[in-house]
Amino acid sequence: MKYQANKIEKKWQKYWEDNNTFEAKDYDKREKFYGLVEFPFPSGEGLHTGHLRSYTAMDVICRKKRMQGFNVLFPMGMDAFGLPAENYAIKTNTHPQITTRKNIDNFVRQLKGTGFAFDWSRFISTTDPEYYKWTQWIFIQMFKKGLAYKSSENINWCTSCKIGLANEEVVAGACERCGGEVIKKEKEQWMLKITDYADRLIDGLDNINFLETIKKQQSDWIGKSEGAEIQFKVKSQKSKVSEELKVFTTRPDTLFGATFMVIAPEHPILRKLESDIKNISEIKEYIEIATKKTDIERASEDKAKTGIELKGLKAINPVNKEEIPIFVADYVMMGYGTGVIMAVPAHDQRDWEFAKKYNIEIREVISGGDISQAAYIEEGLAINSEKFNGLETEEFKEKIIKYLEDKKLGKATVNYKLHDWIFSRQRYWGEPIPMINCTKCGWLPVPEDDLPVELPQVDDFRPGDDGESPLTKATEWLNTTCPKCKGSAKRETDVMPNWAGSNWYFIRYTDPKNDKELVDRKKADYWLPVDWYNGGMEHNTLHLLYSRFVYKFLADINVVPKHKDIGDEPYSKRTAQGMILGEGGVKMSKSKGNVINPDGYLDKYGADTVRIYEMFMGPFDQSIAWDDKGVNGVYRFLNKVWDLQDKVVEKEISKEVQNLIHKSIKKVGEDIDNMRFNTAVSQMMILVNALDKESEISKEVFERFVLILAPFAPHMAEEMWQALGNKNSLASFAWPDYDKNLAQDDKVIIGIQVNGKVRDDIELDFDTEPSESLQAEILAREKVVRNIKDKEVVKFIHIRNKIISIVVK
RNA sequence: GCCGGCGUGGUGGAAUUGGUAGACACGCAGGACUUAAAAUCCUGUGGCAGUAAUGCCGUAUCGGUUCAAGUCCGAUCGCCGGUACCA
């Protein structure tokens, strides 16, 4: 019988569904395994090959775990809120609800057609009110704990999306999503205080099994630096002022070398002391140019620093009372530290360049460099620092901080790159922020019994040109009563960002239908943490950081467990796959028209072929180009496998085949555990090529092969398993064992080198020990003799099972 | 600039982590089957020289350590990803 992929795939997909083969059982006695993949955004284009790579990998892992006797939870859902759905709605004037439902159906169809062993009974969508009720509930809990607050600040404003963006969503000065121009705009925003968790987000990385590069990305993003905050008094020539400039520095030991100060153009002191600045009109001009510049322009100015001195004002160095000039310059950012720096040109390269340009004194206070050439940024012994002279940097730092603290001139402090998280979007297709504003009582959360706050129907999904949310147009919904004084009040019209639903979804999978609480604590205790989370490289920083933050918060309020080994971390292991590129190695994109939709391949070759190709195409963690011919090669392999069935008989197993099957079981198992799927597949190819050469194949051997093939090509494996006379699905059948001794070849061929060059090889019994007789035998071999000639053997090295190396002179 | 990763045949890639470089697959060439093509099967396939045996060269480049280097060390070049005036 010919291999008919589509027929057997449909048959088994139906079987799995009818028999709930992949249902995860709460509280089961078997050891649990929670495997997680990132749920997709259901776009109009359907699944792409990248989704399949990630999902197939975790599917292979989960199927193997299930065969090994684990109670596996492998869930799927849809992250369906977001801009693309909304932009599509604006374009076509269709409600996002409708397009989203259609897209979800299409995604589910494609996922089921690929044969993933998801527990579909736990399916969730972030747009389902039963789900986002709890997204809103989390927000309210954060508000109650003071972690959600409203703040008016300069936000990044995408002129194209007409939406506020978090700093994290601005890439090189442009909108992360649409690439549009980003400008600064003042706006009232809900903020989440993720900075309160900064230290815990760093410390938590210690005990979890993430790739080292991911850990580094996480901690670099948080960007913790320890240093000191120091106050400089400001002195005006014109009037008595009591203003102070606070600076943050990681090098308080260079304080005596501060010869000027620089403040950011946005710094509020400029407005306060306007009348004291003699050259104010010049300054104002500079500020105007600076604030007009987008970040991208500020950054691309060839590193040439510009700035202007504030005439009429001086700052006083708190340790030596020196009066130093103050500059405004756009290389200092309001968003980091205090927006003011003490410039130490001798020991900071940017300050050095600035001082050279504006002819400011460069005073060396740390010895060891040549400050006439460049700033010396290393540590060293202090000089020109009065009573601190001669101290090592570390000791100096401690002493000067103590000194400043005693005199109330400064203090030790910690600074982070991480900003609080802007959580408001003035858009339509998101979770409404469940807050009510009463003119008398202020901001109050919607009573929890009234959740969810459902997204109201509106006719126009477009944000207002003033940047207000489309929800302001839903007047009936907008006007409500104050939960406290019962007076008239208004609802918050901003919605939550895309991240809101995706930063806790993995918790909900453990109890997806609970309408009483976010999750039944007993179920969460059973299933969490996630044992293995695989996803895209692009989510290694933000999504991971946000969801770790939310988990820690939920653990603090006792909604989810803290674990014995990894504490309040949600994922014990995280891996990431490489991207799949279009043919020729270019990034797939709609605009290039080279996006590969798996549907065509699923129809033509079947899911098993596509699955194996995705695993075989290259190392899992590297980007790789799609190759149509490679798909065909895998299809050939599966046909060969299928045809082997005709040769299966009950018979004795030859020694060679016994060795090969045990070796294969070992290698395929180990390779799956290490995500080395490509070599697992090639091992199966080697096995199949060998079996193909036999005239008859032992049933026992073939059964074992079918079992190791099953995670990769589950449909074909089930069909062949049944044909071998088995009644039930192999999904929970035992993963085969291997015998260590049988997996080991009993002969090895090793090379014989003469002066480092391989001249001969010899077959030896495995584990043959070096011996004199063997040495004599080797030295008598014809090729060896020929290569030694008349030279003297000075060394004879025999490394067991590896090499024989002869050194001659 | 800084941080991380990588560089192996015509192509994707393997190499037990210092021990016969090129597994497996794609492609290509030749052959079988066929009226023919597709599919399938067989053979060959790193480069150079040679009928061959074999020899020399070969893992981005240069140098080092070692009996032995794709693997370790140093320098250089190139590519990819992250980040960007972070005080």
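Observations on the structure shown:
- From the options A:ALA57, A:ALA24, A:ALA85, residue that is buried (at least 16 other Cβ atoms within 10 Å of the Cβ) and under 20 Å from A:PHE712 (Cβ atoms): A:ALA57
- Selection from region A:394-408 of residues that are at pLDDT 90 or above, surrounded by fewer than 20 Cβ atoms within 10 Å (Cβ to Cβ) and either among the acidic types (Asp, Glu) or within 16 Å of RNA strand B (Cβ to nearest atom) (or both): A:GLU395, A:GLU398, A:GLU405, A:ASP406
- Beta carbons closer than 6 Å, at least 6 apart along the sequence or on distinct chains, pair a first residue in region A:534-545 that is over 19 Å from A:MET675 (Cα atoms) and of a type in the set (Val, Ile, Thr) with a second that is within 11 Å of RNA strand B (Cβ to nearest atom) and modelled with pLDDT under 90 for A:THR541/A:GLN217; A:THR541/A:TRP221.
- In this entry, A:GLU266 passes the filter for residues that are within 14 Å of RNA strand B (Cβ to nearest atom), modelled with pLDDT under 90, not hydroxyl-bearing (Ser, Thr, Tyr) and not in a helix (DSSP H, G or I).
- Which listed residue, of A:ASN659, A:ASN678, is in contact (Cβ under 8 Å) with a residue 40 or more places away in the chain, more than 11 Å from RNA strand B (Cβ to nearest atom) and either surrounded by fewer than 21 Cβ atoms within 10 Å (Cβ to Cβ) or more than 25 Å from A:ALA576 (Cβ to Cβ) (or both): A:ASN659
Matching residues to (1) more than 16 Å from RNA strand B (Cβ to nearest atom); (2) at pLDDT below 95; (3) assigned to a loop (DSSP other than H, G, I, E, B):
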position	(1), (2), (3)
A:ILE98	yes, yes, no
A:ASN103	yes, yes, no
A:LEU111	yes, no, no
A:GLU130	yes, no, no
A:GLN141	yes, no, no
A:LYS150	yes, yes, no
A:TRP157	yes, yes, no
A:GLU168	no, yes, no
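- The lone exception for A:ALA576 - which of (1) within 14 Å of RNA strand B (Cβ to nearest atom); (2) more than 28 Å from A:TRP221 (Cβ to Cβ) it fails: (2)
- Residue in region A:74-91 that is more than 18 Å from A:PHE39 (Cβ to Cβ), part of a loop (DSSP other than H, G, I, E, B) and at pLDDT below 95 present: no
- Within region A:330-374, being of a type in the set (Val, Ile, Thr) and touching a helix residue (DSSP H, G or I) at 6+ places or on another chain (Cβ under 7 Å) holds for A:VAL344, A:ILE362, A:VAL365, A:ILE366.
- Whichever residue in region A:608-639 is within 28 Å of the chain's Cα centre (by Cα), part of a helix (DSSP H, G or I) and hydrophobic (A, V, I, L, M, F, W, C) and, among such residues, is nearest to RNA strand B (Cβ to nearest atom): A:PHE616
- Matching residues, region A:579-627, being loosely packed, with under 13 Cβ neighbours inside 10 Å and β-branched (Val, Ile, Thr): A:VAL586
- Looking across region A:237-248 at every residue that is at pLDDT below 90 and in contact with a strand residue (DSSP E or B) (Cβ under 9 Å, 6 or more places away or on another chain), the one that is nearest to RNA strand B (Cβ to nearest atom) is identified as A:GLU243.
- Scanning region A:311-345 for residues that are more than 14 Å from RNA strand B (Cβ to nearest atom), closer than 17 Å to A:LYS284 by Cα and touching a Phe, Trp or Tyr at 6+ places or on another chain (Cβ under 8 Å) yields a single hit, A:ILE326.
- Boolean, A:LYS552 is in contact with a helix residue (DSSP H, G or I) (Cβ under 7 Å, 6 or more places away or on another chain), away from RNA strand B (no atom under 16 Å from the Cβ) and at pLDDT 90 or above: yes
Residues checked against (1) touching a residue at least 40 places away in the same chain (Cβ under 8 Å); (2) among the charged types (D, E, K, R); (3) surrounded by fewer than 20 Cβ atoms within 10 Å (Cβ to Cβ):
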site: A:VAL550; (1), (2), (3): yes, no, no
site: A:VAL560; (1), (2), (3): yes, no, no
site: A:ASP568; (1), (2), (3): yes, yes, yes
site: A:SER572; (1), (2), (3): yes, no, yes
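The values are calculated or read from the model by the stated rules, or taken from the named source; none is laboratory data. Small disclaimer: the values here were computed from a predicted structure and weren't measured. Here Cβ is always computed from backbone atoms with ideal geometry, including for glycine, and neighbour counts include all displayed protein chains.
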